[in-house]
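The structure under discussion appears below in the form of structure tokens.
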Amino acid sequence: MTAALVLLAGAVLALHLAAAMLAVSHARRRPPPRPDETPFICLLRPVCGLDGPEPETLGSSFGLDYPAHEIVFCAARADDPAVPLVEALIRQHPGARARLLIGTDPISDNPKLNNLAKGWAGSAADWVVIADANLMLPRDYLCQLLAHWAPGIGLVTSPPAGTRPEGLAAAVEAAFLNGLQGRWQLAAARCGLGYAQGKTMFLHRELLDRQGGLAVLGRELAEDVAATRVVRKAGLNVRLVPRPFAQPLGRRHPRDVWARQLRWSRIRRHGVPGLFALEPLLSPVLPVASLSLVQPALALPFLALWYGGEWLLCRAMDWPRGGRDLAAWLLRDLSLPLLWGATFARPGFEWRGTRMAPAPRRRSTRG
């Protein structure tokens, strides 16, 4: 029994470190050259409220070094706090091909998709990028996405990198985004198992339009889970850019961090139940508890290797990695088993004032 527990802890640690190495390997892949062709691209940015960084992040929509594109901001209501900001940004950039559309089309149970529907329908572009309002776009954003398109690819995407956290709660959020979620998404991509992330999704309109349009992404609790299924069903792959795009965090309230992580956890439980069942092993809590019972002398070396590996990952990716961040990594990992258990309390969640729950599974009528 003792040997089995030690071997299990070693296997979990090896997987943890291997994922970090794969993530770094993906980030260091040589970027393809800038594309020779520049098809017209629609940059769709949904807005809903103001959380802090939007003047900077929405402002980064302008000045992209791509010649043939339009910017379409989408707001569900005219009284949304983000509307005056978007209108001001458009006035400040009179040379940009930018517009704001207001209204909502109930194409799904997902308020983000309902907000984006008018932009999707109102653009003549064959190529579309959906980029969340709190994502910072580098000047070569569209060039990067197009450069990673290739035959056999159905979607180009990227996880966000949590940057500039202010306070411990925001550092915990960065720990979830970077050392946990970003690590595993980049590692999966390096192994040829890329999956979509809703912060950035670049695709050709035809992929969705031939299956019913944007509404097809409402078949799952999250549009990125649905997009991954659509791409794979078409026999295509999801590709990630080498390095995640930045999401400035600013200040966060602990309650909001917990609610956001719980929402994403419930989405994963519904979307990828098999992998979700293994998520407790992404935290060192269970392996360290086991080692403390059978080989206490191994517990501290285990933790040193665990967090040393994360520090090296964050150093290689230029992610936050100071003393406060180490405390945030510990808090994240201690909360993971609690978060996993809380996910089973109920299947759905509330997002932006909308109650969302998974559709009932259809029962087979055979037999």
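An ellipsoid equivalent to the chain, defined through the eigenvalues of its Cα gyration tensor, has semi-axes of 35, 23, 21 Å when rounded to whole angstrom and sorted largest first. Charging the Cβ of each Asp and Glu at -1 and of each Lys and Arg at +1, and nothing else, the dipole of the chain about its Cα centre rounds to 900 debye. Each label was represented as a point 7 Å from its Cα along the Cα-to-Cβ direction; for Glu87 and Ala234 these points are 3.7 nm apart. I need the shape label for segment 48-94. Rule: rounded when a/c is under 1.5, else prolate if a/b > b/c, else oblate, with a, b, c from the alpha carbon gyration tensor. Cα axes put segment 48-94 in the prolate bin.
Comparing Gly250, Gly194, Gly122 in a Gaussian network model of the chain, where Cα atoms under 10 Å apart are tied by springs, the biggest mean-square fluctuation is seen for Gly122.
Full extension of the segment from Ala68 to Arg255, taken as 0.36 nm per residue of separation minus the current Cα-Cα distance, would add 63.1 nm. Extending 7 Å from the Cα toward the beta-carbon at both Cys191 and Asp318 defines two label points whose distance is 2.8 nm.
Within 10 Å, at most 15 other Cβ atoms, and a DSSP state outside H, G, I, E, B define an exposed site. Report the longest part of the chain free of exposed trypsin sites (Lys or Arg not before Pro). Show your work: numbers first, answer last.
Numbers: sites that count: Arg28, Arg29, Arg77, Arg97, Arg139, Arg210, Arg352, Arg361, Arg362, Arg363, Arg366.
My reading of the result: 211-351 is the longest stretch.
Counting Lys and Arg as +1 and Asp and Glu as -1 over every other residue whose Cβ lies under 15 Å from the Cβ of Gln211, the net charge comes to +2.
Compute, for segment 101-219, the length of the dipole vector about the Cα centre, with Cβ point charges of +1 (Lys, Arg) and -1 (Asp, Glu) only. Units Debye, rounded to 20.
180 debye
Calculate the length of the line joining the C-alpha centroid of segment 1-45 to that of segment 93-142, in whole Å. Here the two parts' Cα centres lie 28 Å apart. When the Cα positions of Thr163, Ala27, Pro287 are compared along the charge dipole of the chain, Pro287 comes out farthest toward the positive end, with charges on each C-beta of Lys, Arg, Asp and Glu. Quick one: pull the percentage of alpha-carbon pairs in segment 169-318 with a separation above 25 Å. Pairs farther apart than 25 Å: 42 percent. Computed over the alpha carbons of segment 1-155, Rg followed by Dmax gives 20.5, 70 Å. For segment 203-317, the solvent-accessible area with a 1.4 angstrom probe is 47 square angstrom per residue. Taking Cα centre as origin and charging only the Cβ of basic (Lys, Arg, +1) and acidic (Asp, Glu, -1) residues, the dipole magnitude of segment 44-170 rounds to 200 debye. Helices in the chain, meaning DSSP H runs of at least 4 residues, each add -39500 (n - 2.57). Divided by all residues, the mean residue ellipticity at 222 nm is -14000 deg cm²/dmol. Globularity index of segment 193-273 is 1.24 (Cα radius of gyration / 2.2 N^0.38 Å, N = number of residues). Inter-label distance, Ala342 to Ala150: 4.1 nm, where each label sits 7 Å from its Cα along the C-beta direction.
The values are calculated or read from the model by the stated rules, or taken from the named source; none is laboratory data. What you see is a predicted model, and the numbers here were worked out from it, not measured in a lab. Every residue, glycine as well, gets a Cβ built from its backbone with ideal geometry; the counts of neighbours run over all protein chains shown. Areas reflect the complete protein model, heavy atoms only, side chains present, ligands, DNA and RNA absent. Shrake-Rupley method; radii C 1.70, N 1.55, O 1.52, S 1.80 Å.
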